[in-house]
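**Student:** Input: one structure, supplied below.
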Amino acid sequence: MSLPSLALPGQLLGSTDKYLPGPGTHIYEQQIYASIAGPVLSSPTPRPSQQTLSTTSTTTKSKLAPLISISRPSNTTSDPGILGTGSGGGAPILPEVDSVVLARITRLSARFATCEILVIDSTVCRSAFQGQIRREDVRATEKDQIRIDASFRVGDLVRGVVVSLGDQSNYYVATDRNEFGVVLARSEDGRLMFPVSWREFCDPVTGRREARKAAKPFF
């Protein structure tokens, strides 16, 4: 498995057998996951001295494993590709109608799901934008039968498209196309699940299924 260039919170980066966890990552069941959103960096760990090398080969192997970390964008950077700003300042990148976004679900109600927009058209945001996925925007068919709590859960990572700018403080996001929906979900026990249909994810250990509106490329 090769390292991604960009990572989102909860994304699998690699095994502890191959890498050492650095800043912005955490370990769960001997796998390293991203704790924050940002570019993925891999750097060699410092080589031990010759005296240390002769002490224990197991320790040496571990120390020589690459260190992976997530770089949080600097507040003073002038790279327009990261923050949407130039060297002369300017406004940060903002969601626009038809922007494809990645968002994390933060709250559920009967009428809509509140989310934080983390990525806009493959660009990681410096700070999250608040959005809403209304019940009528979850899917294209049988809209009168849609239940928000059967489509999303708090903590889910969702791919969607901006359909309205709202009042500039709350962007409306839709998942009503096959390629949009939940792309990363954890079970009630905290394990990463895999999609088994467009409406269900499955816990790999217990086999228990949970309802979600899944994005098509992920099943």
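The values are calculated or read from the model by the stated rules, or taken from the named source; none is laboratory data. Remember, predicted model here, so these are calculated numbers, not experimental data. Positions of Cβ are generated from backbone atoms using ideal geometry, with glycine treated the same way; all protein chains shown enter the neighbour counts.
**Student:** Which members of the stretch 94-141 meet the condition of being out of contact with any strand residue (DSSP E or B) (no Cβ under 6 Å at 6 or more places or on another chain), surrounded by 15 or more Cβ atoms within 10 Å (Cβ to Cβ) and in a loop (DSSP other than H, G, I, E, B)?
**Tutor:** Residues satisfying the conditions are Leu94, Val138, Arg139.
**Student:** Enumerate the strands (runs of 3 or more DSSP E) found wholly within the stretch 1-81, keeping only those where 3 or more residues are modelled with pLDDT of 80 or more and of a type outside the set (Phe, Trp, Tyr). Break it down stepwise before answering.
**Tutor:** Details: elements: 12-15, 25-28, 31-34, 38-43, 67-70.
Strands (runs of 3 or more DSSP E) meeting the threshold: 12-15, 31-34, 38-43, 67-70.
Condition check ((1) assigned by TED's automatic domain parsing to the domain that holds Leu118; (2) of a type outside the set (A, V, I, L, M, F, W, C); (3) surrounded by 18 or more Cβ atoms within 10 Å (Cβ to Cβ); (4) in contact with a strand residue (DSSP E or B) (Cβ under 7 Å, 6 or more places away or on another chain)) across all residues:
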residue	(1), (2), (3), (4)
Ala150	yes, no, no, yes
Val154	yes, no, no, yes
Leu157	yes, no, yes, yes
Thr175	yes, yes, yes, yes
Val182	yes, no, yes, yes
Asp189	yes, yes, no, no
Asp203	yes, yes, yes, no
Ala211	yes, no, no, yes
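**Student:** Still on this structure, please answer the following. Cβ-Cβ distance below 7 Å, separation of 6 or more or different chains: which pairs start in the stretch 106-122 with a residue that is of a type in the set (Gly, Ala, Ser) and end on one that is assigned to a loop (DSSP other than H, G, I, E, B)?
**Tutor:** Matching pairs, first to second residue: Ala113/Phe152.
**Student:** If you don't mind, another one. Which of the residues spanning the stretch 82-112 are aliphatic (A, V, I, L, M) and at pLDDT 50 or above?
**Tutor:** Ile93, Leu94, Val97, Val100, Val101, Leu102, Ala103, Ile105, Leu108, Ala110
**Student:** Residues of the stretch 126-148 being among the β-branched types (Val, Ile, Thr) and either at pLDDT 95 or above or within 17 Å of Arg104 (Cβ to Cβ) (or both), which ones?
**Tutor:** Initially, the stretch 126-148 is screened for residues among the β-branched types (Val, Ile, Thr), giving 133, 138, 141, 146, 148.
Passing the criteria: Ile133, Val138, Ile148.
**Student:** Within the stretch 194-219, work out how many residues are touching an Asp or Glu at 6+ places or on another chain (Cβ under 7 Å) and modelled with pLDDT under 90.
**Tutor:** The number of residues fulfilling the criteria is 2.
**Student:** Now for a different question. What do you reckon, is Ser169 on the phi > 0 side of the Ramachandran plot, among the hydroxyl-bearing types (Ser, Thr, Tyr), surrounded by fewer than 19 Cβ atoms within 10 Å (Cβ to Cβ) and touching a residue at least 24 places away in the same chain (Cβ under 8 Å)?
**Tutor:** Values: on the phi > 0 side of the Ramachandran plot: no; among the hydroxyl-bearing types (Ser, Thr, Tyr): yes; surrounded by fewer than 19 Cβ atoms within 10 Å (Cβ to Cβ): yes; touching a residue at least 24 places away in the same chain (Cβ under 8 Å): yes.
Judged against the criteria, Ser169 is not a match.
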